1. Please work out which residue is least open to solvent (accessible area, probe 1.4 Å), limiting yourself to segment 53-81 and to residues that are under 14 Å from ASN31 (Cα atoms) and within 16 Å of the chain's Cα centre (by Cα).
2. So, in segment 1-46, of the ones that are modelled with pLDDT under 90 and of a type in the set (Gly, Ala, Ser), which residue ends up most open to solvent (accessible area, probe 1.4 Å)?
3. Filter segment 20-43 for residues that are over 18 Å from the mean Cα position of the chain (by Cα) and closer than 13 Å to LYS78 by Cα and give the result.
4. I'm told PRO49 meets every condition in (1) at pLDDT 85 or above; (2) over 23 Å from ASP161 (Cα atoms); (3) surrounded by 13 or more Cβ atoms within 10 Å (Cβ to Cβ) except one. Can you identify the failing condition by its number?
Amino acid sequence: GQQQGHSVTLNLKDADISALIETVSDVTGRNFIVDPRVKAKINVVSASPMTPDAVYETFLSILQVYGFAAIPAGNATKIVPETNARQDGGSVEEVRGAPDDEIITRVVDIENVPAAQLVPILRPLVPQWGHLAAYSPSNMLIISDRAANIRRLDRIIAEIDRAGDDDIQLVRLEHASASEVVEILSS
């Protein structure tokens, strides 16, 4: 991993998860023990440099989406398949079977609003198996989802983030689901 001072920009396209694990180890100084069954091709995009902690948060969200878990073990962290299937059944297989809809983990810097405030707004737009989390220390959102949906979420985030608070109207929907309305608005 290339370390600038103390931050790193993640940009891995169709990379082996082991390359990511190596980078995370470099950046965070953590030792990992990787189960041989931990295999995946991953995509991570972060527009701007991240602190080691933010890199680690991003890493954990990628592991979760691919059905792996990081378990502290003494002075190392074990990376193993998430066998307790806390994921909704079948989701990982479903994801693996969909190479066209590439799964991407995107780190988005939020400028004007607290990232945590966007989570309840965006959560309904991210599928069950996807991942959406705010990392408050750097005011970032970490999203893992299919590429097409990430592009859509990017546009929505840009709209919300650009607006001063006075331009935002929260509309409680009585008879339609939020995702249906988003579909209609974006077309």
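The values are calculated or read from the model by the stated rules, or taken from the named source; none is laboratory data. These figures come from a predicted structure and were not determined experimentally. Cβ placement follows ideal geometry from the backbone for every residue including glycine, while neighbour counts extend to all protein chains displayed. In case anyone asks, the SASA skips ligands and DNA or RNA and just uses the protein heavy atoms, side chains included. Shrake-Rupley method; radii C 1.70, N 1.55, O 1.52, S 1.80 Å.
1. My answer is PHE59.
2. Step by step, filter segment 1-46, then rank; the result is GLY5.
3. The answer is SER25, ARG30, ASN31, PHE32, ILE33, VAL34, ASP35, PRO36, ARG37, VAL38.
4. Every condition holds for PRO49 apart from (2).
Residue by residue, here is whether (1) in contact with a Gly (Cβ under 8 Å, 6 or more places away or on another chain); (2) part of a strand (DSSP E or B) holds:
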| site | (1), (2) |
| --- | --- |
| THR23 | yes, no |
| LYS39 | no, no |
| ILE42 | no, yes |
| VAL45 | no, yes |
| ASP53 | no, no |
| TYR56 | no, no |
| SER61 | no, no |
| ALA70 | no, yes |
| LYS78 | no, yes |
